[in-house]
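Single-structure report; data block below.
Every read-out reported here was derived from the displayed coordinates using simple, explicitly stated rules and does not represent laboratory data. None of the values given here were measured: they were computed from a predicted structure. Note that each Cβ is placed from the backbone with ideal geometry, even for glycine, and that neighbours are counted across all protein chains shown.
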Amino acid sequence: METFLSKIAEVKDRKFKITTTAKGVEQLQQTERNTLKAELVNALFADIKAQYDFTFRVKDGVMLEIENASVADGVTNELGSGAISITIDIKVNDLETNAESESENYRIEVEEKAEKKAAAAAKKADKIARDTAERKARKGE
C-alpha cells in the first residue's frame, strides 16, 4: 500500500479549487475531483498488482479475479472463468461529508437490520411452534 499511502500524503498539501452546486453544496472542482480519483485508483492498482497477479485496471476502478474451486467446479456457463471478479472503486465525496458521522450512521443501520432480522426469526420460530402445537392438538396428543 506504499504507493496509495504516498498519494494520500501528497494530497494533504495539494491546492484544490472549490465549487458550489446548485443546491449549495461545496465540492472539489469536477476536473480536479476526477483527476484525484484517477490518481488514487491508479496508486491502489499499482499496490495490489505488485502483490496479486490477477489485478486489472478497468473503467470502474480496480478489478480482481479471485480463483475459487467451488465456482470453477460449479459453473456451467462456458464464459465462466472459475474466478470471482470484484471491482474496487473510489468515490470522492462532497466537502460536507463527515466520515465519523457516516460511520456512525452505517453502524446504526447495520444494528437496525440485525434487530429486524432477529425479530423476523423470532416471529417465524413462534409461528412454527404454534403450528406444531395446533397439529399435535388436532391429532389428540
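Length gained on full extension, GLN51 to LYS116: 19.4 nm, using 0.36 nm per residue less the C-alpha separation. For region 57-116 versus region 122-136, the inter-centroid distance based on Cα atoms is 38 Å. The stretch between ALA133 and ILE84, if pulled fully straight at 0.36 nm per residue, gains 13.1 nm over its current Cα-Cα span.
Give the shape of the chain as rounded, prolate or oblate, defined through the alpha-carbon gyration tensor: a ≥ b ≥ c are the square roots of its eigenvalues, a/c under 1.5 means rounded, and otherwise the shape is prolate if a/b is larger than b/c and oblate if not. Oblate, since a/c reaches 1.5 and b/c is not below a/b. For the residues GLU78, GLU65, GLU111, a GNM of the chain with alpha-carbon springs under 10 Å puts the largest fluctuation on GLU78. Only aspartates and glutamates eight or more places from LYS117 in sequence, or on another chain, were considered; those with a Cα closer than 16 Å are GLU109, ASP126. The relative contact order of the chain, computed from alpha carbon pairs under 8 Å that lie at least 6 residues apart in sequence, is 19 percent.
Taken about its Cα centre, the chain carries a charge dipole of roughly 720 debye when the Cβ of each Lys and Arg holds +1 and the Cβ of each Asp and Glu holds -1.
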